[in-house]
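**Student:** One structure coming up, written as structure tokens, with questions to follow.
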Amino acid sequence: MPEKQEKQKKTIDPAALEMLKKAEKAGISTMFNRVDEVKPCPIGAEGSCCRVCAMGPCRMTGKDKEQKTGVCGATLDTVAARGFARQVAAGASAHSDHGRDVALTLLAAARGEAPGYEIKDFPKLLKVAELLGVKVDDRKTEEIAADVALRALEEFGRQTGEVMYASRAPKKRQELWAKLGLTPRGVDREIVEMMHRTHAGTDQDAEHILDQAMRTSLSSGWGGSMLATDLQDILFGTPIPLRSKANLGVLKKDQVNIVVHGHEPTLSEKLVDAAQDKEMIEHAKKKGAKGINLAGICCTSNEILMRRGIPPAGNVLHQELAILTGVVDVMVVDVQCTFQGLAKVASQYHTELITTSPKAKILGATHIEFDHHRAPEIAKEIVKRAIDNFSNRKEVHIPKFSNNLIAGFSHEYIRYMLGGIHRASFRPLNDNIINGRIRGLAGVVGCNNPRVVQDENIIHIVRELIKNDVLVAVTGCSATASGKHGLLTPETMELAGDGLKEVCEAVGMPPVLHLGSCVDNSRILTVLAEVVEEGGLGEDISDLPAVGICPEWYCEKALEIGVYCVASGAYVLFGGVSSPVSGSQVVSELITKGWEKKVGGKLEFYADPQTIVEKALAHIDAKRKALKIDVAKERVLYDMEMRRELSV
Ligand code: BF8
């Protein structure tokens, strides 16, 4: 590795740094060094390359690129919009296909065909049944669950009308979508139409293409993703706060280590059961281990952290580093963000890499296909393989870094936490935003990207926001980063501004709330809609002093989340690498000023995290001003107001 590259800062995570030194010494390639070897294509990076047909690929380059066209006559604006829209469709497909599989598992469980799965949250089942128009009466739990699953499956393929969950958005937002023709139908239909429209020679009006990108993203945000979250809560339980730890230090030298990685909790939930099975633990002890330790990477990790307290070993850039410890006996992957580079790293250690999804194989990995009809059996087989591999370890090194955390903040729990069991409500949150103790709300979500110093943007932004009295919700790899760096504890309130600290002390909550995996960004949509409904902060999500931030984005799912938040009325800021449409001035303006005028939200990209903080705070303050809550008021809470009105 050239000396210049060696000196580049790669991460702010001490555990990752330790592993990178080890990788360098051993000559093992990871994403952290491949990123220097593979330069990004500048034409593709700015959205100026069209490869939708074989007359090209056509590249619009040079000073006059805005005047150039492809062979078919497509302008740079069409090309950039088309490429971006396809990325949004791919992101929506990933989240929603995940949701569909959960619906199929719920159906199988309800019909008694999926041993090991049961309805863990009956009240949530009833709530979802009501939302989906499923009769409850005095029917059996399984009958209701089967109908909920079938109704959910219909939602994915809904051809006409609107996805039923769109009715969970504020009324004004629904009316705007209807007026603009953005109300989403089923996610399958929207994605197919997006792909059709972007086929060569179909939709060639950039703004029109981007409208469909918004509608496609909404079909996931208020459809496929939201269904994934709800159905997972029904099957595995709605999260409530619990303690855990994060970072590579959660791996154990004297225990069998199984690392789950990917996104779908259907198998990882059963792996938790299998790893806690007495028979399995006995077997591990016979093989010389003290027990079985399960840890996670990425969002399947967030899923079992939120519900079972299983510790995350790291976020997406930790996947190869975990294997480098030499103590991962099995790494089990399912779908999304599970990279092919794993196979090579695993081949240099004793780690067995196991792929499990019928949709995803990696050359060099063992494939044990997941089937929800026999999940506990498959989970035990995987755990047994890990145990049997324990004795094959060679040199081991676990960085001694992990931080305590609290996770498990579902939107249901936040309502309960704020209002208590009898008056669960967002009222106290709204009141504290109105009196200015909480300046605003921010969702900090999404990935790591090896082209950005790992976790640096995320941690800078989260710390600055809470310092400025902004209550932060985190999901995905940003949540794991926050956990690794110790920001998910109640003690973090010491870093918060006085107003936010006071609220956190009163409620007993951290100023940074872990809301779950990336499909669980739907929980953020639900919180925003319920805050609007609670009253006093305008009539739409676009009225709220709130922002969405993705500090280190890397993938299509992140773009899709960004777009559904914008189409729901939010100001969304992406950090790290540049805008995928920066080549086109017209498209750049369409997704910023154009979308702001149309839907009240906009999507912007800034490399510098401090710029993102300043833009976010300026937006929050502008919204406070528009709501006329920008001047300090007498501190009156809802109950005090009521008492005053009642003269008690
Ligand atoms: O879905 S945050 S790197 S793991 S895409 Fe992937 Fe990004 Fe992590 Fe979860 Ni989300």
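**Student:** Over the stretch 273-316, with a single point scatterer placed on each C-alpha, what log10 of the ratio I(q)/I(0) does the Debye formula yield at q = 0.18, 0.23 1/Å?
**Tutor:** -0.58, -0.76
**Student:** Sticking with this one: Show me 460-469, 306-315 ranked by packing, highest mean number of other Cβ atoms within 10 Å first.
**Tutor:** 306-315, 460-469
**Student:** To continue, here is another question. Which of rounded, prolate, oblate describes the stretch 27-118, given a ≥ b ≥ c as roots of the alpha-carbon gyration tensor eigenvalues and a/c under 1.5 marking rounded, otherwise prolate only if a/b is larger than b/c?
**Tutor:** Oblate, because a/c is 1.5 or more while a/b does not exceed b/c.
**Student:** Dividing the alpha-carbon Rg of the chain by 2.2 N^0.38 Å yields what?
**Tutor:** With N residues counted in the chain, Rg over 2.2 N^0.38 Å equals 0.94.
**Student:** Using packing as a proxy for protection, rank 438-446, 248-256 so that the peptide with the highest average count of other Cβ atoms within 10 Å comes first.
**Tutor:** Top to bottom by mean Cβ count within 10 Å: 438-446, 248-256.
**Student:** Another one. Which of rounded, prolate or oblate describes the stretch 450-589 when judged by the alpha-carbon gyration tensor and an a/c cut-off of 1.5?
**Tutor:** Oblate.
**Student:** Using only DSSP helix segments of four residues or longer, with each worth -39500 (n - 2.57), what per-residue ellipticity at 222 nm results for the chain after dividing by its residue count and rounding to 500?
**Tutor:** -14500 deg cm²/dmol
**Student:** Taking only the alpha-carbon atoms of the stretch 293-427, what semi-axes of the equivalent ellipsoid follow from 5 times the gyration tensor eigenvalues under a square root, in whole Å, largest first?
**Tutor:** Calculated on Cα positions only, the semi-axes equal 32, 18, 14 Å.
**Student:** Quick one: net charge of G249's neighbours, Cβ under 13 Å, K/R +1, D/E -1?
**Tutor:** +3
**Student:** With labels modelled as points extended 7 Å from the Cα through the Cβ direction, what inter-label distance (nm, one decimal) is found for D388 paired with L627?
**Tutor:** Placing both labels 7 Å beyond Cα along the Cβ direction yields 5.9 nm.
**Student:** With a point put 7 Å past each Cα toward its Cβ, work out how far H422 is from V507 in nm, to one decimal.
**Tutor:** Label-label distance for H422 and V507, simple model: 2.1 nm.
**Student:** Rank D13, D388, D121 by accessible area, highest first, at a 1.4 Å probe radius?
**Tutor:** Greatest to least solvent exposure: D388, D121, D13.
**Student:** Within 11 Å, Cβ to Cβ, of H514, how many net charges do the neighbouring residues add up to if Lys/Arg are +1 and Asp/Glu are -1?
**Tutor:** 0
**Student:** Okay, next question. Quick one: pull the percent of accessible area on the stretch 135-258 belonging to carbon and sulfur, 1.4 Å probe, ligands and nucleic acids left out.
**Tutor:** 51 percent
**Student:** Putting +1 on Lys and Arg Cβ atoms and -1 on Asp and Glu Cβ atoms, find which of N468, C504, S482 reaches farthest to the positive end of the dipole of the stretch 461-521.
**Tutor:** The one lying farthest along the dipole's positive direction is S482.
**Student:** Got a sec to turn the phi values of the stretch 546-554 into Karplus ³J(HN,Hα) couplings, 6.51 cos²θ - 1.76 cosθ + 1.60 with θ = phi - 60°, whole Hz, x for Gly and Pro?
**Tutor:** Working through the residues one at a time gives 9, 9, x, 9, 10, x, 9, 5, 9 Hz.
**Student:** Sticking with this one: When we measure straight from the Cα of K593, which lysines land under 26 angstrom away, once same-chain ones fewer than 8 places off are left out?
**Tutor:** Straight-distance partners of K593: K63, K65, K68, K171, K172, K179, K557, K602, K615, K623, K625, K628.
**Student:** Could you order peptides 291-299, 50-58 by the average number of other Cβ atoms within 10 Å of their residues, highest first?
**Tutor:** My ranking of the peptides, most packed first, is 291-299, 50-58.
**Student:** Shifting gears a bit: Could you list which residues have their amide H under 5 Å from that of G443, counting only those 5 or more apart in sequence or on another chain, with H placed in the peptide plane?
**Tutor:** A473, V547, G548, I549
**Student:** How would you classify the stretch 242-296 from its alpha-carbon gyration tensor, with a ≥ b ≥ c the square roots of the eigenvalues: rounded for a/c under 1.5, else prolate if a/b is greater than b/c, otherwise oblate?
**Tutor:** It is oblate, given that a/c is not under 1.5 and a/b is not larger than b/c.
**Student:** Express as a percent, rounded to the nearest 5, the fraction of DSSP beta bridges in the chain (both residues included) that run antiparallel.
**Tutor:** Around 15 percent of the beta bridges assigned by DSSP in the chain are antiparallel ones.
**Student:** Quick check: Cα centre of the stretch 522-544 to Cα centre of the stretch 10-32, how many Å?
**Tutor:** 42 Å
**Student:** How high is the relative contact order of the stretch 95-163? Use alpha-carbon pairs under 8 Å, at least six apart in sequence, and give a whole percent.
**Tutor:** Value for the stretch 95-163: 38 percent.
**Student:** OK, next. Could you look at the stretch 272-314 and say what percent of its accessible area is carbon and sulfur, using a 1.4 Å probe and all protein chains?
**Tutor:** On the stretch 272-314, the fraction of accessible area on carbon and sulfur atoms equals 46 percent.
**Student:** Related question: Which far-off residues, 5 or more places away or on another chain, put their amide H under 5 Å from the one on G296, with H placed in the peptide plane?
**Tutor:** Answer set, sorted by chain and number: V260, A313, G314.
**Student:** Now a separate question. How do D608, D77 rank by accessible surface area computed with a 1.4 Å probe, from largest to smallest?
**Tutor:** Result of the area sort, largest leading: D608, D77.
**Student:** Considering only protein heavy atoms, what is the solvent-accessible area of K65 at a probe of 1.4 Å, reported in Å² to the nearest 10?
**Tutor:** Counting only protein heavy atoms, K65 exposes about 40 Å² to solvent.
**Student:** Under 5 Å between amide H atoms, partner at least 5 residues away or on a different chain: which partners does L353 have, H built in plane at 1.01 Å?
**Tutor:** M331, T366
**Student:** Now for a separate question. Roll a 1.4 Å probe over the protein chains and send me the accessible area per residue for the chain in Å².
**Tutor:** 39 Å²
**Student:** With θ set to phi - 60°, apply the Karplus curve 6.51 cos²θ - 1.76 cosθ + 1.60 along the stretch 348-363 and write out the HN-Hα couplings as whole Hz, x wherever there is a Gly or Pro.
**Tutor:** 8, 10, 7, 4, 8, 8, 10, 8, 9, 7, x, 9, 9, 10, 10, 4
**Student:** Moving on to the next point. Could you go through the stretch 386-392 in sequence order and give the Karplus-derived ³J(HN,Hα) for each residue, using 6.51 cos²θ - 1.76 cosθ + 1.60 with θ = phi - 60°, rounded to whole Hz, and x for Gly and Pro?
**Tutor:** 5, 4, 5, 8, 3, 6, 8
**Student:** Under 14 Å from the 7 Å Cα→Cβ point of E282, by amide nitrogen: which residues of the stretch 247-271?
**Tutor:** From the stretch 247-271, the list is empty.
The values are calculated or read from the model by the stated rules, or taken from the named source; none is laboratory data. As the structure is a prediction and not an experimental result, all values here were calculated from the model. Backbone-built Cβ (ideal geometry, glycine too); neighbour counts: all protein chains shown. Keep in mind that these areas ignore ligands, DNA and RNA; they rest on the heavy atoms of the full protein, side chains included. Shrake-Rupley method; radii C 1.70, N 1.55, O 1.52, S 1.80 Å.
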